[in-house]
Structure formats: structure tokens, C-alpha cells
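Each remark here refers to the structure printed beneath this line.
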Amino acid sequence: MTTSSKFLFRASLVAASVAAASSAYSAGFALNDHSATASGKALGGVAASNADISASFWNPALFVNAKETTVFVSGAYVMPSMDVTNISANNSAAAGGSAIAGSTTNSDSVDNTFVPSFYFAKPLSDKTVAGISLNVPFGLSGDYGDDWAGRFHATETSLQDIALSFSLAHRMNDWASVGASVQVHKAEVVLGSAVGFVGREGDGRIEADDTGYGYSFGVALEPQKGTRLGLGYRSEVDFDFKGDVKYTNVTGLNAVLTSLSQPNLINTAVSDSITLPSVLTLSMEQDLTQKLILGFSAIRTGWGALDGLNIDFESPSTQANSVLTFGFEDQWMYSAGLTYAYSDKLTLRTGVAMDNSPVTDKYRSARTPDGDRKWISVGGTYDFNDMTSATLAFTHVMIDDVSVNRTNLTEDAARGKIKADYESSANVISVAMNMAF
């Protein structure tokens with residue numbers, strides 16, 4: 001075995017990197033269901049909405065929608081589907097380059113997920129409102145299993161970012177309001193893959209977490225009666241993840257490493273720094289009649305800040321870092337929605353959206369099998385009385401078919417080659433209760 005081959009072989013043994021079941025709801029792994037009200041119109045006009053306080057996720061100035069102490073509780077049940085076909089994979093060249101046996105199809109790699117949201121607003125005066133909210137801005141969950149042919153690229157993944165926000169909103173005059181928040185984010189990640197090579201393989205699993213901090217600000221305007229404009233910005237959030245990697249079934253693998261005078265795989269601490277992206281939301285709502293409202297939104301997510309993974313293994317044996325380039329690009333989501341006051345008690349909504357994926361063809365992988373999305377949404381709110389209402393929404397998400405073809409990237413020389421085709425979609429049911437006191 002040549003020196004360069006030994007290096008690649010060694011690197012392949014420590015590639016316990018991210019698994020990949022990209023959220024099937026929103027592009028990248030953003031979770032955009034923070035309000036059943038907004039989901040019913042596909043987020044059309046969300047940062048300019050005067051419907052309730054749940055739009056404050058996109059624009060904290062909209063906490064001024066609370067005229068009394070208000071609680072809004074929302075939950076979305078995300079039901080993704082991802083069929084992976086035509087899977088083929090090969091060991092790294094250093095490990096012989098032979099084909100990897102395993103399942104060539106996979107249809108159960110993404111999990112159903114519940115996404116909760118909570119908002120509380122307390123007017124401090126006729127013009128100023130204090131707010132608290134709890135959201136899950138980013139997340140994904142899935143497991144390819146240990147038997148598929150791409151297991152050296154990815155098996156298990158779980159990412160959850162929970163944000164607690166403290167906000168103030170102030171109505172400056174009859175047509176302008178401003179708001180801002182500070183946020184505490186708690187993020188946890190679980191990453192898994194096979195390690196080694198066929199005949200001498202084990203499993204590596206990483207668990208890590210960190211606490212980060214962010215902020216948001218927003219402006220809501222109504223320059224003329226019935227025309228509302230809104231701008232909201234959520235900042236990037238930096239995390240310095242720390243955790244550990246645990247290996248199983250690597251006794252035979254470590255024996256091979258010892259014979260090659262290479263460091264053994266041992267349980268050790270790991271670390272990596274990751275930045276979750278900023279979100280800019282621009283919205284407009286126009287009252288077409290006393291009963292009908294048209295809304296538009298453009299939402300820019302700064303995915304370029306999330307450059308990839310560079311996992312540092314802190315063992316005394318100096319395991320090589322596991323590197324994964326995301327190659328994400330900043331992208332826009334565009335949406336339009338209609339709101340119709342059917343009666344004094346029932347309000348109906350519908351909307352469509354185009355959500356562009358940040359993933360580029362060059363770096364699309366089993367870890368990020370992402371494609372552009374189209375949304376179709378319907379929903380409605382029923383007012384039981386002046387103090388209590390319930391909201392229901394349904395969204396169908398259509399995702400472009402994509403292919404993974406990683407056969408010529410230097411960073412995959414240790415992991416080997418993989419090809420696969422992906423067909424995905426999702427259905428989302430959202431419910432909410434709004435209560436004023």
C-alpha cells in the first residue's frame with residue numbers, strides 16, 4: 001500500500017460524519033411552520049399580517065397585533081416521503097474500490113416530525129407590547145439504516161435548533177410599528193455512519209450540542225388604509241458544538257489499523273463550529289375588499305454562511321478531521337396567499353409558494369439530497385368568540401426529483417463513490433389555538 005493510499009485508507013476509517021435526511025418541508029433544513037395561520041396562505045404576506053401574534057416569528061413588530069394578553073399555541077405534523085432508488089456505491093480506491101453490497105432502494109429514511117410553536121404577548125401600554133416565543137427554526141430527522149449501500153456516507157441524523165425569544169414591539173403612530181427580540185438557541189445534533197471498509201467495518205456515532213445567541217428586528221407599515229408592508233430580519237447564530245464520538249464493532253478494524261501502524265479508532269471528544277443562516281422577510285398585504293386580502297412574501301435565507309462540516313477528533317491518536325462541504329448558496333422563497341372572511345366567525349385561506357433549494361449539483365450528497373419545492377396550502381380560522389379561535393391548515397409540498405452523483409470529489413476519496421436518485425414530497429397538517437384574556 002502506497003503512502004498516499006495509506007492516508008486515504010486511514011481517513012476512510014474515521015469518516016463518522018453527518019447522516020442525511022433533509023427536511024422535506026422547507027428548502028435546506030429550515031422549518032417554516034411556526035404558525036397555522038401563516039401556513040394556510042403559504043406565508044403570503046406573513047411579515048405584514050395583522051391577523052394575530054404568530055407572524056412575529058418573521059417580524060417581531062407584529063406583536064403589536066395583541067390588544068390584550070394573548071397566548072397562541074401552534075403545532076405542525078410534518079409527514080415527509082423520500083424514495084431513494086438506483087443506489088450504487090464503491091469502497092474508496094485505497095480500500096480496493098470494490099462495489100459495496102447493500103440495499104439499492106430505500107423508502108423509509110425520513111421520519112414524521114412534530115414542530116411546536118408558542119407565543120405569549122402582554123401589552124405594557126396602549127402602544128408597547130412585550131412578547132415571548134418558543135420556536136424550532138431548523139431541524140431534520142432521519143435514518144437510512146445500516147444495510148444500505150451508501151452507509152459509509154451516511155446512516156443516522158438528527159438536528160434540532162430550539163429558540164427562546166424575548167421581544168418588545170412599539171406602535172410609533174397610526175401607520176408605523178417597530179419591534180426587536182433577543183434569542184437563546186439550544187441546538188443538538190446526532191450524526192452517524194459506517195466506518196472502515198467492507199469486511200472490516202464498524203459504526204461511528206457523534207452526539208454534540210451547544211448554546212448560541214441571536215436577535216431579530218422588524219418594521220410594519222400601513223401607509224394607507226388597507227395597504228400593509230412588513231420587513232423582518234433574523235440574525236445568523238453561531239454554534240461551537242462539543243460532544244463525543246462512540247465506535248462500535250471496530251475490534252477487527254483496529255487490528256488492521258495496528259498492523260498498518262495507524263491510530264486506532266477510540267471513543268473521544270469532538271468539536272466543530274457551525275453558523276445557522278440569517279432570514280430576511282419582505283411582505284405586503286392589500287385589502288382588495290372588506291372580505292378579501294391578497295398577500296405576497298419574499299424570504300431570503302443566507303445559506304451561504306453554512307459552509308459545511310469540519311469535525312475535529314480530539315483523541316491522542318490524532319484521528320484525521322472529517323470534512324463535508326455543503327456548498328450552499330443563499331436562496332429566496334416566494335409566496336402569494338389569499339385570505340377570505342367567509343362569515344363573522346369563519347376565515348378561509350389559500351396560498352402557493354416556490355421555495356428554492358440552497359444545494360448545488362456539485363455538492364449534493366446523501367447528506368443533503370435537496371431539491372426545489374412548490375407549496376400548495378389551504379386553511380381556515382374559526383372564532384368561537386371574541387377571546388378564542390382555532391386554526392387549521394394543510395400544505396402539500398412537491399419536491400423536484402434530484403440525483404446524487406459523487407464520483408469525482410476529493411473529499412470523498414476516503415468515503416468512496418455513491419450514486420442515487422431521490423423522489424420526495426411532504427404533507428403538513430397544522431393546528432393552532434389563539435386565546436386572549
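The values are calculated or read from the model by the stated rules, or taken from the named source; none is laboratory data. What you see is a predicted model; the values in this text were computed from it and never measured. So basically every Cβ, Gly included, is an ideal-geometry build from the backbone, and we count neighbours across all protein chains shown. Each accessible area value is taken on the protein alone, full model and side chains, heavy atoms only, with ligands, DNA and RNA left out. Shrake-Rupley method; radii C 1.70, N 1.55, O 1.52, S 1.80 Å.
Observations, loosely collected:
- If you go through the stretch 320-343 and keep only what is over 24 Å from Lys374 (Cα atoms), open to solvent by 30 Å² or more (accessible area, probe 1.4 Å) and modelled with pLDDT under 95, you end up with Asn321, Val323, Thr325.
- Contacts under 6 angstrom Cβ, first residue in the stretch 213-227 being crowded, with 17+ Cβ neighbours inside 10 Å, partner among the charged types (D, E, K, R), 6 or more apart: Ser216/Arg234; Glu222/Arg228
- When the stretch 351-375 is limited to residues that are more than 19 Å from the chain's Cα centre (by Cα) and within 19 Å of Ala36 (Cα to Cα), the one that is surrounded by the most Cβ atoms within 10 Å (Cβ to Cβ) turns out to be Gly351.
- Filtered residue count, the stretch 247-285, keeping only those that are open to solvent by less than 70 Å² (accessible area, probe 1.4 Å), in a helix (DSSP H, G or I) and among the polar types (S, T, N, Q): 1
- Of all residues in the stretch 228-246, those satisfying the criterion of being in contact with a helix residue (DSSP H, G or I) (Cβ under 7 Å, 6 or more places away or on another chain), within 19 Å of Asn65 (Cα to Cα) and open to solvent by 20 Å² or more (accessible area, probe 1.4 Å) are Leu229, Leu231.
- Scanning the stretch 179-216 for residues that are more than 25 Å from Ser273 (Cβ to Cβ) and touching a Leu at 6+ places or on another chain (Cβ under 9 Å) returns Gly179, Ala180, Gly196, Phe197, Arg200, Glu201, Gly202.
- Applying the criterion of being in contact with a strand residue (DSSP E or B) (Cβ under 6 Å, 6 or more places away or on another chain) and β-branched (Val, Ile, Thr) to the residues of the stretch 406-427, the residue that is nearest to Ser81 (Cα to Cα) is Ile418.
- Top-ranked residue of the stretch 271-303 - restricted to ones that are within 17 Å of Pro137 (Cβ to Cβ) and not β-branched (Val, Ile, Thr), ranked as farthest from the chain's Cα centre (by Cα): Ser297
- Filtering Asp209, Asp203, Asp161 for residues that are among the acidic types (Asp, Glu) and under 25 Å from Ala101 (Cβ atoms) leaves a single hit, Asp203.
Here is a yes/no grid of residues against (1) assigned to a loop (DSSP other than H, G, I, E, B); (2) touching a residue at least 40 places away in the same chain (Cβ under 8 Å); (3) open to solvent by 10 Å² or more (accessible area, probe 1.4 Å):
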position: Asp33; (1), (2), (3): yes, yes, no
position: Ala38; (1), (2), (3): no, no, no
position: Ala47; (1), (2), (3): no, yes, no
position: Ala51; (1), (2), (3): yes, yes, yes
position: Phe72; (1), (2), (3): no, yes, no
position: Gly75; (1), (2), (3): no, yes, no
position: Pro80; (1), (2), (3): no, yes, yes
position: Asp83; (1), (2), (3): no, yes, yes
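- The stretch 403-434 - residue that is open to solvent by 60 Å² or more (accessible area, probe 1.4 Å) and among the aliphatic types (A, V, I, L, M) and, of those, farthest from Val129 (Cα to Cα): Ile429
- Any chance Val184 is open to solvent by 20 Å² or more (accessible area, probe 1.4 Å), among the aliphatic types (A, V, I, L, M) and over 23 Å from Thr281 (Cβ atoms): no
- Number of positions in the stretch 85-128 that are among the hydrophobic types (A, V, I, L, M, F, W, C), more than 26 Å from Leu31 (Cα to Cα), assigned to a strand (DSSP E or B) and in contact (Cβ under 8 Å) with a residue 60 or more places away in the chain: 2
For (1) under 18 Å from Asp52 (Cα atoms); (2) of a type in the set (A, V, I, L, M), each residue gets a yes or a no:
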position	(1), (2)
Ser141	no, no
Arg171	yes, no
Val195	no, yes
Gly199	no, no
Val219	yes, yes
Glu236	no, no
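- Across the stretch 131-161, the number of residues qualifying as part of a strand (DSSP E or B) and either closer than 26 Å to Thr368 by Cα or open to solvent by less than 30 Å² (accessible area, probe 1.4 Å) (or both) comes to 18.
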